[in-house]
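The values are calculated or read from the model by the stated rules, or taken from the named source; none is laboratory data. Everything numeric here is computed off the predicted structure, so don't read it as measured data. Note that each Cβ is placed from the backbone with ideal geometry, even for glycine, and that neighbours are counted across all protein chains shown.
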Amino acid sequence: MPDKMDAKKLEFYKKLLLKMKAQIQGDIRSMADESENGDGDKGDVSGHALHMADVATDMYDREFNLALASNDRQFIQRIEDALVRIEKGIFGICLKTGKRIAEARLKAVPYAEYCVEAQEEMDKNRR
């Protein structure tokens with residue numbers, strides 16, 4: 001088992017992860033507000049849309065925002081998992097190999113669960 005990461009680095013990653021989580025949650029709230037408020041004024045007074053293309057565009061935008069929100073929720077889960085690993089003292093250790101995850105990788109993807117080699121192997125096996 002590799003040496004544990006020092007407390008200063010763990011605090012740095014914890015703050016980084018919390019900042020990422022807050023940013024994503026803000027994005028989700030913005031998309032939800034857009035979907036709720038939408039452009040409900042695109043119809044005329046009788047409640048009928050002015051044009052079918054406007055309705056289709058609105059529907060596409062809502063579905064697109066829902067898909068983005070779903071992806072964002074998956075990222076939040078990965079961030080929360082990384083925060084749990086920090087609390088357990090296993091952050092920065094590959095879940096597959098038990099080796100230390102490179103600092104450069106953690107700075108780029110702070111919620112990384114696997115070292116580059118293990119991730120590449122898993123991606124290769126999925127194809």
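Restricting attention to segment 63-85, does a residue exist that is out of contact with any strand residue (DSSP E or B) (no Cβ under 6 Å at 6 or more places or on another chain) and assigned to a loop (DSSP other than H, G, I, E, B)?
no
Does segment 67-77 include one or more residues that are modelled with pLDDT of 90 or more, under 22 Å from M5 (Cα atoms) and surrounded by 15 or more Cβ atoms within 10 Å (Cβ to Cβ)?
Within segment 67-77, not a single residue is modelled with pLDDT of 90 or more, under 22 Å from M5 (Cα atoms) and surrounded by 15 or more Cβ atoms within 10 Å (Cβ to Cβ).
So that you can scan it fast, the table gives a plain yes or no per residue for (1) in contact (Cβ under 8 Å) with a residue 12 or more places away in the chain; (2) in contact with a helix residue (DSSP H, G or I) (Cβ under 9 Å, 6 or more places away or on another chain):
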residue	(1), (2)
K88	no, no
I93	yes, yes
I101	yes, yes
Y111	yes, yes
A118	yes, no
M122	yes, no
R127	no, no
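I'd like the full set of residues that are more than 20 Å from the chain's Cα centre (by Cα), part of a loop (DSSP other than H, G, I, E, B) and closer than 19 Å to E11 by Cβ, limited to segment 87-127.
G89, I90 - these are the residues of segment 87-127 that are more than 20 Å from the chain's Cα centre (by Cα), part of a loop (DSSP other than H, G, I, E, B) and closer than 19 Å to E11 by Cβ.
Hey, does segment 36-52 have a residue that's on the phi < 0 side of the Ramachandran plot, in a helix (DSSP H, G or I) and modelled with pLDDT of 70 or more?
Looking for residues that are on the phi < 0 side of the Ramachandran plot, in a helix (DSSP H, G or I) and modelled with pLDDT of 70 or more, one finds at least one in segment 36-52, hence yes.
Under the condition of being acidic (D, E) and at pLDDT below 90, which residue from segment 6-31 is surrounded by the most Cβ atoms within 10 Å (Cβ to Cβ)?
If we take residues in segment 6-31 being acidic (D, E) and at pLDDT below 90, then D27 is surrounded by the most Cβ atoms within 10 Å (Cβ to Cβ).
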